[in-house]
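Working notes, beginning with the structure itself.
The values are calculated or read from the model by the stated rules, or taken from the named source; none is laboratory data. The structure presented is a predicted model; accordingly, all values stated were derived computationally and were not measured. Don't worry about glycine lacking a Cβ; one is built from the backbone with ideal geometry, like all the others, and counts go over all protein chains shown. Areas reflect the complete protein model, heavy atoms only, side chains present, ligands, DNA and RNA absent. Shrake-Rupley method; radii C 1.70, N 1.55, O 1.52, S 1.80 Å.
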Amino acid sequence: GQTLKPVMSFSETMYDFGNILETGGKVNHTFEVTNTGKDVLLITNVQGSCGCTVSEWSKTPVESGQKGFIKVIYNPENRPGTFSKTITVNNNSSENTVVLIIKGTVIRKETK
């Protein structure tokens, strides 16, 4: 039979920041998630693959048909070069862990 679990549907699971300046400060991107399942979705934890990825997310239950969010912040300071970071989203859907990816290239600051 059909299980009544919540289902996480993301508008995208990977985001490319492109080229960002090392001196430009933090950049952020918000992944939007829709609960397309029958039951209430709970996002229990969001863990970045390194300390430079700080996440805010929907702490309240996301009802069926409603939207939630996961906001990822990347600090490019002292991290020149390309990056690709994973964000693991723990939740109560049938897909207990969903992995999101952010990537881009940090343009090194000019040294005088």
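Structure notes:
- For the chain, with +1 on Lys and Arg beta carbons and -1 on Asp and Glu, the positive-most of Pro76, Phe10, Ile87 along the dipole: Pro76
- Overall, the accessible surface of the chain at a probe of 1.4 angstrom is composed of carbon and sulfur to the extent of 47 percent.
- Most tightly packed first, judged by the mean number of other beta-carbon atoms within 10 Å of their residues, the peptides 15-28, 60-73 read 60-73, 15-28.
- Dipole in debye (nearest 20) - the chain, about Cα centre, beta carbon charges: Lys, Arg +1; Asp, Glu -1: 260
- Annotation: amide H-H contacts under 5 Å for Val7 (H modelled 1.01 Å from N, sequence separation of 5 or more, or interchain): Thr36, Gly37, Lys38, Asp39.
- Percent of Cα-Cα distances greater than 18 Å, calculated over the chain: 50
- For Val33, distant residues with modelled amide H under 5 Å away: Gly68, Phe69, Ile70
- Rolling a 1.4 Å probe across the protein heavy atoms gives segment 12-91 an accessible surface of 53 Å² per residue.
- With a Cα cut-off of under 17 Å and a minimum spacing of 8 residues unless on different chains, the lysine pairs in the chain number 12.
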